[in-house]
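This report concerns only the one structure given below.
The values are calculated or read from the model by the stated rules, or taken from the named source; none is laboratory data. It should be emphasised that the depicted structure is a prediction, and the values quoted were computed from it without experimental measurement. Note: ideal-geometry Cβ built from the backbone for every residue, glycine included; neighbour counts use all protein chains shown.
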Amino acid sequence: MSVVDIKSIIGETTEYDKKVALEVKKPKSWCKSVSAFANGIGGSLIFGISNDGEVIGLKDAEHDAEIISEQIKTRLNPIPNFNLRFHREMDKTLVILDVYAGELTPYYYDADGMLTAFHRVGNESVPVTPAKLQELVLKGSVSSYDCLKSKYDFENMSFTKLKATYKQRTGNKFEDSDFESFGITDENGELTNAGALLADESPIHHSRLFCTRWNGLDKAPGAIDAIDDKEYTGGLVNLLQAGMEFVANNSKKAWKKTGNSRKEMPDYPERAVLEGIVNALIHRNYLELGSEVHIDMFDDRLEIYSPGGMCDGTRVQDRDLMRVPSRRRNPVIADIFNRLKYMDRRGSGFKKILSDYRSQESYSPKLEPEFYSDNDSFMLVLKNIAYVAEESLVRVTKRKKLHEHAKNIEEYLKSNNGAKSGDIAKFIGLSADRTRVILQKMDNVSAIGEYKDRRYWLKDQSLEK
């Protein structure tokens with residue numbers, strides 16, 4: 001069996017599907033992938049190869065290529081940009097269909113007048129949700145949700161928080177002309193969705209923030225489910241500041257002496273928390289109704305959830321986080337947060353979050369932030385530095401204590417060889433059960449006799465220090 005290296009055929013393309021043969025009578029079986037690739041970041045279809053990578057080849061590759069081209073032009077609406085090429089492998093011919101990311105989204109599969117748009121979820125091509133379809137329509141019209149005219153009147157909105165924050169963080173006064181330049185109103189003075197989201201009393205109901213400090217390591221019910229629980233409404237600036245305050249109020253901040261000063265040792269690096277909440281608020285999918293941004297705090301971690309996956313449809317856990325380009329689902333809101341100096345235009349927030357953790361004095365791989373996404377959601381998990389450090393300290397302390405007890409037992413057995421566990425327990429100040437556990441872990445001690453009459457003897461080897 002000849003197995004081919006897929007990357008040697010398609011290069012760095014991250015999305016691809018394999019087909020043993022061209023299913024002429026079932027065009028949807030592969031046309032749905034063409035739709036999904038065109039609606040996403042592009043991808044390749046490889047005909048003549050099995051799912052496990054075995055090269056099968058096509059009997060009449062040129063004829064199959066003609067059918068593929070004809071079916072795309074007949075079944076896809078609009079017709080995406082694509083390229084067909086042949087690849088020879090072990091004297092067998094494969095057909096490679098490269099589909100490029102489209103600009104005229106959504107790209108539909110047309111089945112006798114029934115239009116269905118597909119997108120990638122993991123390694124599958126599935127029909128888009130209504131919210132995703134709206135997002136593709138906006139993308140195809142070179143638009144975004146936040147720049148569209150809202151259904152609310154600008155005259156009924158106030159922006160006190162936005163103006164005060166702009167003055168505080170930049171030193172500049174927010175002028176009336178800034179409403180249009182910021183994208184809060186359009187050229188006709190109408191309120192945009194970005195403006196509605198930033199108003200003091202935002203009328204967009206699903207733009208809320210739920211924060212919970214859970215009791216323990218999970219959400220399992222107990223005597224006390226939650227230590228603190230808040231629901232915040234209002235403009236995005238208010239939500240950001242409220243989220244930061246909630247995390248601060250439910251975190252501990254230790255100090256470490258360094259010469260003539262002291263160094264902060266917080267549970268969570270402040271910059272990482274800020275980036276996490278900012279990303280959740282500005283990159284969430286506001287077309288997803290009935291879902292809000294959540295901050296869930298546990299003893300050992302903090303989780304930030306937001307509706308909507310990666311803008312390009314990929315899964316963040318499959319990406320190299322240090323090389324993910326900055327893409328904005330809501331460019332107007334992102335630009336406003338940049339003007340407020342809450343974020344940087346130049347790069348991905350992932351890098352800043354990772355860098356902030358890696359710069360901590362007590363950093364270890366166990367503290368690495370975790371990122372997860374699917375089609376409908378995104379989650380960031382930040383580790384509690386103090387909790388992980390404390391757990392490590394407890395383990396180290398236990399090992400040291402165990403070693404001290406073992407040394408004391410060794411000293412006792414040097415002059416009391418053949419002692420019972422009860423006698424040894426009295427000497428080292430532990431219970432008989434705990435003493436027997438330690439004795440079982442000592443390689444230089446042997447036991448003779450039944451449970452009640454068991455005696456312990458020191459072997460010739462000394463305890464390893």
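When the stretch 66-80 is limited to residues that are β-branched (Val, Ile, Thr) and over 38 Å from the mean Cα position of the chain (by Cα), the one that is modelled with the highest pLDDT turns out to be 67. Residues that are without any contact (Cβ under 8 Å) to a residue 40 or more places away in the chain, under 21 Å from residue 234 (Cα atoms) and of a type outside the set (Phe, Trp, Tyr) within the stretch 155-175 comprise 155, 156, 163, 164, 167, 168, listed in sequence order. Residues considered: 151, 132, 167. Of these, the only one that is more than 25 Å from the chain's Cα centre (by Cα), under 27 Å from residue 288 (Cα atoms) and of a type in the set (D, E, K, R) is 151. For the stretch 311-329, filtering for residues that are over 18 Å from residue 274 (Cβ atoms), in a loop (DSSP other than H, G, I, E, B) and of a type outside the set (D, E, K, R) leaves 5. Of all residues in the stretch 57-116, those being under 20 Å from residue 8 (Cα atoms) and assigned to a helix (DSSP H, G or I) number 1. Within the span defined as the stretch 390-398, every residue fails to be assigned by TED's automatic domain parsing to the domain that holds residue 436 and either surrounded by 17 or more Cβ atoms within 10 Å (Cβ to Cβ) or modelled with pLDDT of 85 or more (or both).
Table: residues versus (1) of a type in the set (A, V, I, L, M); (2) at pLDDT 85 or above; (3) in contact with a His (Cβ under 9 Å, 6 or more places away or on another chain).
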| site | (1), (2), (3) |
| --- | --- |
| 324 | yes, no, no |
| 334 | yes, yes, yes |
| 340 | yes, yes, no |
| 358 | no, yes, no |
| 367 | yes, yes, no |
| 374 | no, yes, no |
| 383 | no, yes, no |
| 388 | yes, no, no |
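Cβ-Cβ distances below 6 Å connect the following pairs, each with a first residue in the stretch 91-104 that is at negative phi, a second residue that is of a type in the set (Val, Ile, Thr) and part of a loop (DSSP other than H, G, I, E, B), and a separation of six or more residues or different chains: 101/41. Only one residue in 64, 52, 60, 17 is in contact (Cβ under 8 Å) with a residue 12 or more places away in the chain and surrounded by fewer than 18 Cβ atoms within 10 Å (Cβ to Cβ), so which one is that? So the residue among 64, 52, 60, 17 that is in contact (Cβ under 8 Å) with a residue 12 or more places away in the chain and surrounded by fewer than 18 Cβ atoms within 10 Å (Cβ to Cβ) is 52. Residues in the stretch 35-49 that are surrounded by fewer than 23 Cβ atoms within 10 Å (Cβ to Cβ) and either among the β-branched types (Val, Ile, Thr) or closer than 15 Å to residue 95 by Cβ (or both): 41, 46. Select from the stretch 330-363 the residues that are in a loop (DSSP other than H, G, I, E, B) and touching a Phe, Trp or Tyr at 6+ places or on another chain (Cβ under 7 Å) and write down the one among them that is surrounded by the fewest Cβ atoms within 10 Å (Cβ to Cβ). Once the filter is applied, the top-ranked residue is 363. The condition of being outside any loop (DSSP other than H, G, I, E, B) and either out of contact with any Leu (no Cβ under 7 Å at 6 or more places or on another chain) or closer than 18 Å to residue 338 by Cα (or both) holds for only one of 217, 162, that being 162. Looking only at residues of the stretch 188-212 that are among the polar types (S, T, N, Q) and assigned to a strand (DSSP E or B), we find that the one that is nearest to residue 330 (Cα to Cα) is 192.
The C-beta contact set for the stretch 387-416 (first residue under 21 Å from residue 301 (Cβ atoms) and assigned to a helix (DSSP H, G or I), second residue at pLDDT below 60 and of a type in the set (Gly, Ala, Ser), distance under 8 angstrom, 6+ apart or interchain) is empty. Suppose the filter is within 22 Å of the chain's Cα centre (by Cα) and at pLDDT 95 or above; does residue 243 pass it? Yes, satisfied. Within this structure, residue 66 passes the test of being over 30 Å from residue 192 (Cα atoms) and outside the structural domain of residue 311 (by TED's automatic domain parsing).
Only residues that are of a type in the set (D, E, K, R) and in a loop (DSSP other than H, G, I, E, B) were counted across the stretch 117-152, and they come to 1. So, of the residues in the stretch 19-56 that are of a type in the set (Ser, Thr, Tyr) and outside any helix (DSSP H, G or I), which turns out to be nearest to residue 133 (Cα to Cα)? Here the residue is 44.
For the residues 29, 2, the requirement of being small (Gly, Ala, Ser), modelled with pLDDT under 90 and more than 20 Å from residue 318 (Cβ to Cβ) singles out 2. Taking the criterion of being more than 45 Å from the chain's Cα centre (by Cα) and under 17 Å from residue 459 (Cβ atoms), the residues of the stretch 422-443 that qualify are 424, 439, 443.
Residues being more than 33 Å from the chain's Cα centre (by Cα), farther than 21 Å from residue 286 by Cα and outside the structural domain of residue 295 (by TED's automatic domain parsing) are entirely absent from the stretch 190-199.
Figure legend. Inter-residue proximity from the stretch 273-287: first residues more than 14 Å from residue 239 (Cβ to Cβ), second residues among the polar types (S, T, N, Q) and surrounded by fewer than 24 Cβ atoms within 10 Å (Cβ to Cβ), beta-carbon distance below 6 Å, spacing 6+ or different chains. Indicated pairs: 287/134.
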